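The values are calculated or read from the model by the stated rules, or taken from the named source; none is laboratory data. Bear in mind the structure is a predicted one, so any value in this text is a computation, not a measurement. Methodologically, a virtual Cβ is constructed for each residue, glycine included, from the backbone with ideal geometry; neighbour enumeration extends over all protein chains shown.
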Amino acid sequence: MCYSIALENGGTVTEVDTDTAIRNFYSAKLSRYDQSVFLLQNIHYPYAAFAQRDTSGGFIWISQPEWLQLPEGSVRFLSPSELTRDWHDLRGELSPEELDQIHYWNPQTVGEIVFNTWD
């Protein structure tokens, strides 16, 4: 997915990380001219998001860059407001196993669950 998005937008993929030993998402850095963005994609569900790296190596959620047009598809790109939302309102949509993991790892937001580093 990341290669076709980059190509269709005149950009390149400059970094790919598919190591899911301790996390549940892939990441790719898409670059065009002097602009870049990370695209994260959950490995279990059709969710993706845009981010930038923070100083500690984590990710900060950002909106879709203006220069990046997305194709129609089955992957849903989550907005920063969706990702920073408190997860407690979504309790009814989660399985008992997911809730056990959430209680153990104590994430605070939807983004920390959808793109986690405890898998």
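Of note:
Condition check ((1) touching a residue at least 60 places away in the same chain (Cβ under 8 Å); (2) among the acidic types (Asp, Glu); (3) part of a helix (DSSP H, G or I)) across all residues:
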position	(1), (2), (3)
Gln41	no, no, no
Trp61	no, no, no
Pro65	no, no, no
Gly73	yes, no, no
Glu97	no, yes, yes
Gln101	no, no, yes
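- Taking the criterion of being touching a strand residue (DSSP E or B) at 6+ places or on another chain (Cβ under 8 Å) and outside any loop (DSSP other than H, G, I, E, B), the residues of the stretch 75-95 that qualify are Arg76, Phe77, Pro80, Leu83, Asp86, Trp87.
- The conditions of being in contact with a Leu (Cβ under 6 Å, 6 or more places away or on another chain) and not in a loop (DSSP other than H, G, I, E, B) are not met by Ser31.
- Residue check for Glu8: modelled with pLDDT of 95 or more, among the acidic types (Asp, Glu) and more than 11 Å from the chain's Cα centre (by Cα): no
- Only a single criterion out of (1) free of Cβ contacts under 8 Å to residues at least 60 places away in the same chain; (2) in contact with a helix residue (DSSP H, G or I) (Cβ under 6 Å, 6 or more places away or on another chain); (3) not in a helix (DSSP H, G or I) is not satisfied by Trp118, namely (1).
- Consider the stretch 57-74 and keep the residues that are surrounded by fewer than 16 Cβ atoms within 10 Å (Cβ to Cβ) and under 23 Å from Gln101 (Cβ atoms). The one that is modelled with the lowest pLDDT is Gly57.
- Within the stretch 103-115, the only residue that satisfies the criterion of being surrounded by fewer than 11 Cβ atoms within 10 Å (Cβ to Cβ) and in a loop (DSSP other than H, G, I, E, B) is Asn106.
- Restricting attention to the stretch 44-102 and to residues that are of a type in the set (Gly, Ala, Ser) and within 17 Å of Leu30 (Cβ to Cβ), the residue that is farthest from the chain's Cα centre (by Cα) turns out to be Gly73.
- Neighbours by Cβ (under 9 Å, 6+ apart or cross-chain): first from the stretch 11-28, farther than 15 Å from Gln52 by Cα; second assigned to a strand (DSSP E or B) and of a type in the set (Lys, Arg): Gly11/Arg32; Thr12/Arg32
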